[in-house]
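> For reference, the structure I am asking about is given below.
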Amino acid sequence: MKHIPRATARRILPLAALVPAVTLLVATPSMASESSGSTKPTVVLVHGAFADASGWSKVIQSLKAQGHPVIATANPLRSLSGDSDYLAALLKTIKGPIVLAAHSYGGAVITNAAADNPNVKSLVYIAGFAPDKGETTLELAAKFPGSRLTDDPQAPVPTALNAVPLGGGPNDVDLYIKPEKFSDVFLSHRVDRSRAAVLAASQRPVGTLTGSEPTKAVAWKSVPSWYLVATDDRTIGTDNLRFMAKRASSTTVEVDAPHDVMETNSGEVTDLILQAAQGSRPSLAQTGTGERAIILGGAAVLAIAGGVSLVVRSRRA
């Protein structure tokens, strides 16, 4: 076997030590890139009928504490098509992955708005509508018993609602939950009277087209979904929620709560959104950086082994 002279070995040893170090340095930017690529997705929250974005306040605080960018958009509540177009335009301004969460009627809006947007990685329905193509929200609320929006299916306006004309057209009408019905229908009497009265007085009305316009696009058929079923929902009806969750093949949790589950169980709402956010992060295989790091890491190991071999051979010489 040919031996390496000691003098030569002394010159080679620094190089042997340098090779693995350089290899690791080359690998490091890849790993750093991998880390920066794991930026937490933006959570976009969409409120539903008879509420506004302030209903997400506790959830927003919790999500931000976890480092998530959060946008609680103002849902116009004018028509399903118009509200969906509004949200779709907002989503196009957001860079990076998006977790889209919605309550109540907002679920119908995200179902339409998220279609064909590749940045939307997860849908989260919080006691929300998840309609299929051609369905309306009023139809879904009447599919199974449980909703207390009306006690007369033939009534032109659901009996728990007040209709306020805004103009001469048939759709120029705003709908409110009657104050005396609000605590029962929206809150299942789960909050004290004074708080229920405040929420009833500050409710946002909806236009009639929010309930009568059919769904045109169905994002849950192509985007993974999570679903919170409120087991004491008297607005949409618990069995209707279960039906939609099962049909969408959603990851589902059930919570003993009223329709306005953010008011009574914000922790459970936040937990489900966080699950969806973790599920939306791209894997190493998808980013491609993991494979490169593995290859370079292997090269570093081989280089170190080569350096050790040179040291051993020089000591034997």
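> Cα to Cα, under 14 Å, and not fewer than 8 places away if on the same chain: which aspartates and glutamates meet these conditions relative to K40?
Output for K40: empty list, no partners.
> Within the set K143/K181; K143/K178; K64/K133; K92/K181; K121/K143, which residue pairs have Cα atoms separated by over 31 Å?
K64/K133; K92/K181
> Skipping prolines and chain starts, which residues have an amide H placed within reach, meaning under 5 Å, of the one on K216, given they are 5 or more residues away or on another chain?
G134
> Another one. Using only the heavy atoms of the protein chains and a 1.4 Å probe, how would Y86, Y105 rank by accessible area, largest first?
Details: Y86 110, Y105 10 Å².
I get Y86, Y105, largest accessible area first.
> While we're here: Can you list the residues, at least 5 places off or on another chain, whose amide H is less than 5 Å from the amide H of I177, using H built in the peptide plane?
Excluding prolines and chain starts, which carry no amide H, the hits are N162.
> Turning to a different aspect of this structure: Run the 1.4 Å probe and let me know the accessible area of H189, rounded to the nearest 10 Å².
120
> In terms of modelled amide H atoms, which long-range or inter-chain residues lie less than 5 Å from the amide H of Y227?
Residues meeting the criterion, in which the H sits 1.01 Å from N, are Y125, T251, T252, V253.
The values are calculated or read from the model by the stated rules, or taken from the named source; none is laboratory data. None of the values given here were measured: they were computed from a predicted structure. All accessible areas refer to the heavy atoms of the entire protein, side chains included, with ligands and DNA or RNA removed. Shrake-Rupley method; radii C 1.70, N 1.55, O 1.52, S 1.80 Å.
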